[in-house]
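Encoded as structure tokens, the structure appears first; notes follow it.
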Amino acid sequence: MEKIAIIEDDRGLNNGIALALKREDYEFYSYYTLADAKDVSQMDLVILDINLPDGNGLDYLKKLRQHSRVPVLVLTANDSEMDEVAGLELGAQDYMTKPFSLAVLRVRVEKILKEKSTQSPYSCGDLQFDFTRMEFWQAGEKIELSRTEQRLLYILVENEGHAVTRERLLDYVWQQTDFVDENALSVTIKRLRDKLETKGEKYIRTVYGIGYVWSKLHE
């Protein structure tokens, strides 16, 4: 069963989208504000409006991408090229403007879900990460990571083989915090290493004077 979240404040349109896309293997969750959609990381697809009563959908997408790869289709009346570019750069899989064709929406939804189903979890040694569902395993055993640890691991793995500066890590992981002690990064790195490097493997390497890098090469 594919779980689809619809974040759209127009209740008629929200329910209409669910009705138009209805299939036996789809399960819909309707949200009318950003506050309602607290955690959609377990969904298979999010259909997201931009202009919502309690905030901007692009800001919501930016925060969502800090800890989840759940596919997002932006569906909005904002038809400016700047908004479309912003949505795609922030990690949306697709961007459609209103008014729209329900037939085209159906095809694009099916395409996104098909692409998602072919994606395999990331593997590294005996580690396996599913960033869409935020589930992590080592040798088949599940690893519990905090939200902060998940965000940190995500950005390191996304930049595999390339050093990520401490400044970028601090900004990405603790973006909504006014002040963060730099020691918080060192502490979170240590916690992540303790959970992932239990068998002597070294995945998170310190690049002195710069930051950290995720590497499959063992020391």
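Structure data summary
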quantity: Only one of 160, 201 that is in a loop (DSSP other than H, G, I, E, B), closer than 25 Å to residue 62 by Cα, modelled with pLDDT under 90 and out of contact with any helix residue (DSSP H, G or I) (no Cβ under 8 Å at 6 or more places or on another chain); calculated: 160
quantity: Residues of segment 143-176 satisfying the condition of being more than 12 Å from residue 213 (Cβ to Cβ), aliphatic (A, V, I, L, M) and within 16 Å of the chain's Cα centre (by Cα); calculated: 145, 152, 153, 173
quantity: Residue satisfying condition, being out of contact with any Ser or Thr (no Cβ under 9 Å at 6 or more places or on another chain), at pLDDT 90 or above and among the hydroxyl-bearing types (Ser, Thr, Tyr), within set 186, 117, 146; calculated: 186
quantity: Test: residue in segment 116-135 that is among the aromatic types (Phe, Trp, Tyr) and in contact (Cβ under 8 Å) with a residue 60 or more places away in the chain; calculated: yes
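One line per residue, one yes/no per condition, for (1) surrounded by fewer than 16 Cβ atoms within 10 Å (Cβ to Cβ); (2) within 14 Å of residue 124 (Cα to Cα); (3) in contact (Cβ under 8 Å) with a residue 12 or more places away in the chain:
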position: 151; (1), (2), (3): no, no, yes
position: 155; (1), (2), (3): no, no, yes
position: 160; (1), (2), (3): yes, yes, yes
position: 174; (1), (2), (3): no, no, yes
position: 183; (1), (2), (3): yes, no, no
position: 187; (1), (2), (3): yes, no, no
position: 190; (1), (2), (3): yes, no, no
position: 194; (1), (2), (3): yes, no, no
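The values are calculated or read from the model by the stated rules, or taken from the named source; none is laboratory data. Quick caveat: nothing in here was measured; it's all calculated off a predicted structure. No Cβ is skipped: glycine too gets one built from the backbone with ideal geometry, and neighbour counts run over all protein chains shown.
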